[in-house]
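The values are calculated or read from the model by the stated rules, or taken from the named source; none is laboratory data. Bear in mind that the values here come from a model prediction, so they are computed numbers and not experimental data. In this analysis, Cβ positions are derived from the backbone assuming ideal geometry, glycine residues included, and neighbour counts consider all displayed protein chains.
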Amino acid sequence: MYSKQGHTLTEATKKLEDYCTYRERCHKEVTNKLRDMGMIPEAIDHIIVHLIGQDYLNEERFAKSFARGKFKIKKWGRVRIVNELKYRDISKYNIQIALEEIGEEDYVSTLESLAQKRLRSLKEPNLQKRRKKLANYLLYRGWESNLVYEKIKELIP
């Protein structure tokens, strides 16, 4: 079985094993990569089944790793993490499991430090505009609106 670009099934499988070993991948990324390589649909299915069987590809593991990484490194809130996982066609079940990776204490303290840091950097003298800018920043990063507005009331009375 060859692709349009001349990759054999074995070559493509090896390439994708390396691709999945480098970092966790979701099924959508792998499928897109195989399509970009010009593989036919039967070959794509065969390779994906192989990658899952050999534990190179695991959606639950991907979702957990993604949620942990985006929360710890990029300081994203649950809303943004959920939306990004949905965009990658991750199941609701795996999204729920991924969100369990984020501890409630960590979540609250991260929101606190992120809000404090952003507030210090805002030079806006108008109180209403400062609130709005802080809210927009936190909402964009995916923090729940009720938590954001509570935090703003607390920080900018």
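Among residues of the stretch 77-100 that are without any contact (Cβ under 8 Å) to a residue 40 or more places away in the chain, none has a Cβ under 7 angstrom from a residue that is assigned to a loop (DSSP other than H, G, I, E, B) at a sequence gap of 6+ or on a separate chain.
You will find that of 21, 31, the residue that is under 24 Å from the mean Cα position of the chain (by Cα), polar (S, T, N, Q), surrounded by 13 or more Cβ atoms within 10 Å (Cβ to Cβ) and at pLDDT 90 or above is 31 and no other.
Given the structure, is residue 79 touching a Phe, Trp or Tyr at 6+ places or on another chain (Cβ under 9 Å) and over 23 Å from residue 22 (Cα atoms)? Spell out the reasoning first.
Numbers: touching a Phe, Trp or Tyr at 6+ places or on another chain (Cβ under 9 Å): yes; over 23 Å from residue 22 (Cα atoms): yes.
It is true that residue 79 is touching a Phe, Trp or Tyr at 6+ places or on another chain (Cβ under 9 Å) and over 23 Å from residue 22 (Cα atoms).
For the stretch 5-18: of the residues being of a type in the set (A, V, I, L, M, F, W, C) and crowded, with 18+ Cβ neighbours inside 10 Å, which is farthest from the chain's Cα centre (by Cα)? It would help to see each step written out before you state the result.
Start the filter on the stretch 5-18 by keeping residues that are of a type in the set (A, V, I, L, M, F, W, C), which leaves 9, 12, 16.
Those still in the list that are crowded, with 18+ Cβ neighbours inside 10 Å too: 12, 16.
Values: 12: 26, 16: 21 Å.
Only one residue fits best here, namely 12.
Among the conditions (1) touching a residue at least 60 places away in the same chain (Cβ under 8 Å); (2) of a type in the set (Gly, Ala, Ser); (3) in a helix (DSSP H, G or I), residue 135 misses just one, which is (1).
Identify all residues within the stretch 66-76 that are under 17 Å from residue 25 (Cα atoms) and either touching a residue at least 60 places away in the same chain (Cβ under 8 Å) or buried (at least 16 other Cβ atoms within 10 Å of the Cβ) (or both); write none if there are none. Explain how you work it out, then say what you get.
Taking the stretch 66-76 as the starting set, the residues that turn out to be under 17 Å from residue 25 (Cα atoms) are 66-70.
66, 67, 70 - these are the residues of the stretch 66-76 that are under 17 Å from residue 25 (Cα atoms) and either touching a residue at least 60 places away in the same chain (Cβ under 8 Å) or buried (at least 16 other Cβ atoms within 10 Å of the Cβ) (or both).
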